[in-house]
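Single-structure report; data block below.
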Amino acid sequence: MITPEQEEKIDQIVADIFKEIKSADDKHGNLPSNLSDCLLIIGEEFGEACTAVLESRWIPADTPDISMQEQISEIRKELIQVAAMSIATIIYGGL
């Protein structure tokens with residue numbers, strides 16, 4: 001069962017995904033309507049999320065210029081982009 005705290009977090013995540021879709025649209029225009037091209041974009045974003053996770057595992061937590069919170073924030077940002085591009089693919093790809 002979803003708790004009120006989780007529901008609030010979901011609302012924030014959905015809002016962040018919407019902002020990312022809008023930002024990507026403003027920056028790049030409509031995504032291609034070709035499904036394979038859209039999936040390549042999702043793959044690229046997923047790769048960036050994986051890289052952020054790998055970097056967080058290999059950079060010591062006590063590194064002065066990169067805090068654990070910054071690492072978590074970077075992973076979250078990349079996952080929001082994966083979700084945003086997945087939704088945008090459904091929209092622009094006519095699915």
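Quick notes on this structure:
- Residue within the stretch 25-32 that is in a loop (DSSP other than H, G, I, E, B) and either surrounded by 12 or more Cβ atoms within 10 Å (Cβ to Cβ) or modelled with pLDDT of 85 or more (or both) present: yes
- Filter result (farther than 16 Å from Val82 by Cα, surrounded by 13 or more Cβ atoms within 10 Å (Cβ to Cβ) and hydroxyl-bearing (Ser, Thr, Tyr)) within the stretch 33-59: Ser56
- Counting only residues that are more than 15 Å from the chain's Cα centre (by Cα) and of a type in the set (D, E, K, R), the stretch 12-54 holds 3 of them.
The values are calculated or read from the model by the stated rules, or taken from the named source; none is laboratory data. Keep in mind that this is a model prediction, so the values were computed, not measured. Here the Cβ is made from the backbone with ideal geometry for all residues, glycine too, and neighbour counts use every protein chain on show.
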